[in-house]
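The values are calculated or read from the model by the stated rules, or taken from the named source; none is laboratory data. Only a predicted model underlies this, so the values are computations on that prediction, with no experimental measurement involved. For neighbour counting, all protein chains shown are included, and Cβ atoms are generated from backbone atoms with ideal geometry for every residue, glycine included.
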Amino acid sequence: MANILVVDDERTNRAFIDNALRHRHDVKGVESAELALFTLREDPVDLVIADVHLPSMSGMSLLRRLSREQSDVAVILTSDASSVDDAVEAMQLDARDFLVRPLDPSKVQKAVEEALEARKPEPSEEDTEPVGRVFDGIVGRSRPMSNLKKLIQQVSSTDTTVLLTGETGTGKELIGQAIHRASMRSEEQFCAVNSAAFTESLLESELFGYQRGAFTGATANKKGIFEYADGGTVLLDEAAEMPPSMQAKLLRFLQSGEVRPVGAQTSRFVDLRLIAATNKDLEREVEEGRFREDLYYRLAVIPVHIPALRERREDVPDLAHHFVSVFSGPQKQIEGIDPDAMESMCSYDWPGNVRELENAIERGVALCKRSWIGLDDLPPRIRQQGALCSESENIDSLNVVERRHILKTLEKVNWNRSQAAQLLQISTTTLWRRLKEFGVESGTRPRAGRSLTHL
Ligand SMILES: Nc1ncnc2c1ncn2[C@@H]1O[C@H](COP(=O)(O)OP(=O)(O)OP(=O)(O)O)[C@@H](O)[C@H]1O
Ligand SMILES: [Mg+2]
């Protein structure tokens, strides 16, 4: 619970923010910047949310005073109108966010949590260093992805069943592999089975194996995946597609740890960790009677959700560059992606998530006649979305404006950080911190930095 001061001359605006936040935080309101300064002297807070347009002293002046005198207070500015100048100035003064009305309670909550989170001291390198090669091949430095990586590390020290949820192509299998690599079972087998790819009886013999003579064609004993992966991890993909009888058999296995091959008289114990994955809302499947509730609880001991790519757009450039290097080879050397192509990709919704992006880049590399992938090399639906977005008058979020402005400035001075900080009128420490937040590694100019200016 944090202490928050809302500065707005309109009572309804103060009430709106109070309503959005009071279930989690202690919120006070005042109607002018002068009153805010007075209150803060007596009663310091963690966060100030101030409107830019206040009578007499403006929100921007309040921010200026606070960043000079009380730099540990986080500030979020609100405004009725979107103005790039205001947003850039707010960024230079270290504001945490710039929210344009009409506000939406969930956006306010998100901005507040992020602002409060950013006040916390930076974790030491040791805390953030991933263990070994657990996250190899998993690209993404957005907040949702770093949270996911933290969760994987926590999950890996346990041996419980994990339920991975997320839309198609978000990387469920990739994350399942990472959980295995991070666990004590990493030296043992990891097997992935797609429940939807088999008929009911085939799935049973695939998982549990069969005995010679169990059915026509069973000419020898065959071990099932559960036995084969003994000691390791099994990822059961598309778990929601399992027919009811298989759900019952899986539940029995999870409760007893015993595997009985089809047609066999005896069973044996196997020790494995099960990870179930689904792109369906399994709770809803339970409600609608398609999935056993008892099995659901057994599987969802630790639920792990992988957000859709459109909820972490800041990962698009990194992923795109990653796939460019994956698909460009000696016969097709691609150096990067044109800024307008990157811009389109960043505003596209990616219903097929990372897999769709992967396919788009593979296609782009194949079609590309130059050394940079251009707008023309992208599938039409992605191109169109880019065009739509550039026509709209939508104001970018402060983060986007800020990032673009900083990276453009860095480009201008050839990535000389102190020169850039001077031009931006911020300290080199602030610049360094911002770059770190954007995922730009310190000391290096990003590969294909050209397109980073269009993040
Ligand atoms: N964070 C990431 N970094 C790099 N590659 C990724 C990432 N996420 C997904 N991919 C790649 O995208 C493709 C789809 O990922 P994956 O098969 O894990 O998705 P999924 O969620 O299991 O999809 P489905 O629901 O269709 O089974 C794979 O080629 C995978 O390597
Ligand atoms: Mg999958």
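Among residues of segment 168-179 that are within 16 Å of Asp315 (Cβ to Cβ) and among the small types (Gly, Ala, Ser), those with a beta-carbon under 6 Å from a residue that is within 10 Å of ligand 2 (Cβ to nearest atom) and at pLDDT 95 or above at least six positions away or on a different chain give the pairs Gly169/Arg355. Screening segment 203-229 for residues that are surrounded by fewer than 18 Cβ atoms within 10 Å (Cβ to Cβ) and assigned to a helix (DSSP H, G or I) and picking the one that is farthest from ligand 1 (Cβ to nearest atom) gives Glu227. Please work out which residue is farthest from the chain's Cα centre (by Cα), limiting yourself to segment 182-202 and to residues that are away from ligand 1 (no atom under 16 Å from the Cβ) and surrounded by 19 or more Cβ atoms within 10 Å (Cβ to Cβ). Residue satisfying both the conditions and the ranking: Arg185. Based on this model, can you work out whether Gly352 counts as of a type outside the set (Asp, Glu), surrounded by 14 or more Cβ atoms within 10 Å (Cβ to Cβ), in contact with a strand residue (DSSP E or B) (Cβ under 8 Å, 6 or more places away or on another chain) and more than 30 Å from Arg252 (Cα to Cα)? Answer is no for this residue.
Every condition in (1) assigned to a helix (DSSP H, G or I); (2) in contact (Cβ under 8 Å) with a residue 24 or more places away in the chain holds for Leu54 except the one numbered (1). List pairs: first residue in segment 233-250 and more than 15 Å from ligand 2 (Cβ to nearest atom), second residue of a type in the set (Lys, Arg) anywhere in the structure, Cβ distance under 6 angstrom, at least six positions apart or on different chains. From segment 233-250, the pairs are Gln247/Arg292. Scanning segment 117-144 for residues that are under 20 Å from the mean Cα position of the chain (by Cα), modelled with pLDDT under 65 and not in a loop (DSSP other than H, G, I, E, B) turns up Asp127, Thr128.
Go through segment 137-169 and count every residue that is more than 20 Å from Leu274 (Cβ to Cβ) and either more than 8 Å from ligand 1 (Cβ to nearest atom) or surrounded by 15 or more Cβ atoms within 10 Å (Cβ to Cβ) (or both).
So the count comes out to 14.
The residues in segment 334-353 that are under 13 Å from Asp318 (Cα atoms) and of a type in the set (A, V, I, L, M) can be counted, and the count is 3. Among the residues of segment 17-39, those identified as part of a helix (DSSP H, G or I) and in contact with a helix residue (DSSP H, G or I) (Cβ under 8 Å, 6 or more places away or on another chain) are Ile17, Asn19, Ala20, Leu21, Ala33, Ala36, Leu37. Suppose we keep only residues that are of a type outside the set (Val, Ile, Thr) and crowded, with 20+ Cβ neighbours inside 10 Å within segment 369-383. Which one would you say is nearest to the chain's Cα centre (by Cα)? Top of the filtered list is Leu378. Quick check, is Trp415 at pLDDT below 80 and aromatic (Phe, Trp, Tyr)? When the stated conditions are applied, Trp415 passes them. Within segment 139-164, the set of residues being touching an Asp or Glu at 6+ places or on another chain (Cβ under 9 Å) and not charged (D, E, K, R) comprises Val139, Gly140, Ser142, Pro144, Met145, Leu164.
Hydrophobic (A, V, I, L, M, F, W, C) and out of contact with any helix residue (DSSP H, G or I) (no Cβ under 9 Å at 6 or more places or on another chain): which single residue out of Ala220, Ala214, Ala239 fits that description? When all the criteria are applied, what remains is Ala220. Within segment 283-303, none of the residues are within 13 Å of ligand 1 (Cβ to nearest atom), among the hydroxyl-bearing types (Ser, Thr, Tyr) and either at pLDDT below 95 or surrounded by 19 or more Cβ atoms within 10 Å (Cβ to Cβ) (or both).
Whenever a residue of segment 411-430 is over 15 Å from Gln92 (Cα atoms), its partners that are of a type in the set (Lys, Arg), lying with C-beta atoms within less than 7 angstrom and at least six residues away or across chains, give the pairs Trp415/Arg445.
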